[in-house]
């Protein structure tokens, strides 16, 4: 479902070119335009090497386009200083990757708490948000465990709790079910769909998994870095 108004995330004619050794250019993303609105579940689909991850990194201002424009909540990221870009990403987006990127030195609860602490949220509110996010993802009993004591599915649920604890406008997820079995993957997608519906959060998910693509309200298909018709 598409909403009228300012997109949460938008790419306007973005291109990302990398230089290989020897001077050859690799065109990872070629002139892609896309707008993601509140309440949308959008999947970026395509085979390995099609540019899915690069496009997500551009949308989340993790990477900078060679040409074109990226907007987060109506703000053009190129006009923001690097620190302001990082602050915008921290406050506006939740990030979820196939490699969950949990800190092994922190417990599940501490991992979820960390982005909130970086945002300057006060301690009592952080405790409430962490508890609510872990409860929502069904991993509250694991709050004091370290990542190496969790299964892959539990780690990914903790990572998703971390991504949503700050109530982001959009969740950006790169192959979130890649290392999960079909049952755990389906459960994660059920939760993601519920969050999109309940919170009017936008979700943009890169995947080549048919089970993920089937959940999408809209699919952006990439081939050799360019958006193509289905």
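The values are calculated or read from the model by the stated rules, or taken from the named source; none is laboratory data. As the structure is a prediction and not an experimental result, all values here were calculated from the model. Backbone-built Cβ (ideal geometry, glycine too); neighbour counts: all protein chains shown.
For residues that are under 19 Å from the mean Cα position of the chain (by Cα) and assigned to a helix (DSSP H, G or I), scanning just region 115-127, find the one that is surrounded by the most Cβ atoms within 10 Å (Cβ to Cβ). Give the steps one after another, and end with the answer.
Here is the first cut: in region 115-127, the ones under 19 Å from the mean Cα position of the chain (by Cα) are 115-116, 118-119.
From the residues that got through so far, the ones that are assigned to a helix (DSSP H, G or I) too are 115-116, 118.
Numbers: 115: 19, 116: 21, 118: 13.
Per the stated criteria, the residue is 116.
Is it the case that region 1-12 has a residue that's within 16 Å of the chain's Cα centre (by Cα), in a loop (DSSP other than H, G, I, E, B) and under 14 Å from residue 203 (Cα atoms)? Can you show your working first?
First, pick out the residues of region 1-12 that are within 16 Å of the chain's Cα centre (by Cα): 7-11.
Okay, now just the ones that are also in a loop (DSSP other than H, G, I, E, B), so 7-8.
From what's left, under 14 Å from residue 203 (Cα atoms): 7-8.
Yes, region 1-12 contains at least one residue that is within 16 Å of the chain's Cα centre (by Cα), in a loop (DSSP other than H, G, I, E, B) and under 14 Å from residue 203 (Cα atoms).
Would it be correct to say that residue 99 is modelled with pLDDT of 95 or more and either in a loop (DSSP other than H, G, I, E, B) or more than 28 Å from residue 152 (Cβ to Cβ) (or both)?
Details: modelled with pLDDT of 95 or more: no; either in a loop (DSSP other than H, G, I, E, B) or more than 28 Å from residue 152 (Cβ to Cβ) (or both): yes.
Here the answer is no, as residue 99 does not meet what is asked.
Does residue 216 meet the test of being closer than 25 Å to residue 29 by Cβ, touching a strand residue (DSSP E or B) at 6+ places or on another chain (Cβ under 7 Å) and either assigned to a loop (DSSP other than H, G, I, E, B) or free of Cβ contacts under 8 Å to residues at least 12 places away in the same chain (or both)? So that I can check it myself, show each step before the final result.
Numbers: closer than 25 Å to residue 29 by Cβ: yes; touching a strand residue (DSSP E or B) at 6+ places or on another chain (Cβ under 7 Å): yes; either assigned to a loop (DSSP other than H, G, I, E, B) or free of Cβ contacts under 8 Å to residues at least 12 places away in the same chain (or both): yes.
It is true that residue 216 is closer than 25 Å to residue 29 by Cβ, touching a strand residue (DSSP E or B) at 6+ places or on another chain (Cβ under 7 Å) and either assigned to a loop (DSSP other than H, G, I, E, B) or free of Cβ contacts under 8 Å to residues at least 12 places away in the same chain (or both).
Give the residue, chosen from 222, 150, 192, that is crowded, with 17+ Cβ neighbours inside 10 Å and more than 25 Å from residue 38 (Cβ to Cβ). Give the steps one after another, and end with the answer.
Values: 222 fails: more than 25 Å from residue 38 (Cβ to Cβ); 192 fails: more than 25 Å from residue 38 (Cβ to Cβ).
Exactly one residue qualifies, and that residue is 150.
If you scan region 61-93, which residues turn out to be surrounded by 15 or more Cβ atoms within 10 Å (Cβ to Cβ), assigned to a strand (DSSP E or B) and at pLDDT 95 or above? Give the steps one after another, and end with the answer.
Of the residues in region 61-93, the ones surrounded by 15 or more Cβ atoms within 10 Å (Cβ to Cβ) are 61-63, 65-66, 68-73, 75, 77, 80, 85, 88-93.
Filter once more, so that each one left must be assigned to a strand (DSSP E or B): 68-72, 75, 93.
If the condition is that a residue be surrounded by 15 or more Cβ atoms within 10 Å (Cβ to Cβ), assigned to a strand (DSSP E or B) and at pLDDT 95 or above, then 68, 69, 70, 71, 72, 93 are the ones that fit.
Among the listed residues 157, 144, which satisfies the condition of being more than 24 Å from residue 7 (Cα to Cα), in contact (Cβ under 8 Å) with a residue 24 or more places away in the chain, surrounded by fewer than 20 Cβ atoms within 10 Å (Cβ to Cβ) and touching a helix residue (DSSP H, G or I) at 6+ places or on another chain (Cβ under 8 Å)?
Values: 157 fails: surrounded by fewer than 20 Cβ atoms within 10 Å (Cβ to Cβ).
It is 144.
Tally time: how many residues in region 133-155 are over 21 Å from the mean Cα position of the chain (by Cα) and part of a helix (DSSP H, G or I)?
Result for region 133-155: 5.
Given the criterion modelled with pLDDT of 95 or more and not in a helix (DSSP H, G or I), identify the matching residue among 205, 112, 130. Step through it out loud before you land on a result.
On the way: 112 fails: not in a helix (DSSP H, G or I); 130 fails: not in a helix (DSSP H, G or I).
Testing whether each residue is modelled with pLDDT of 95 or more and not in a helix (DSSP H, G or I) leaves just 205.
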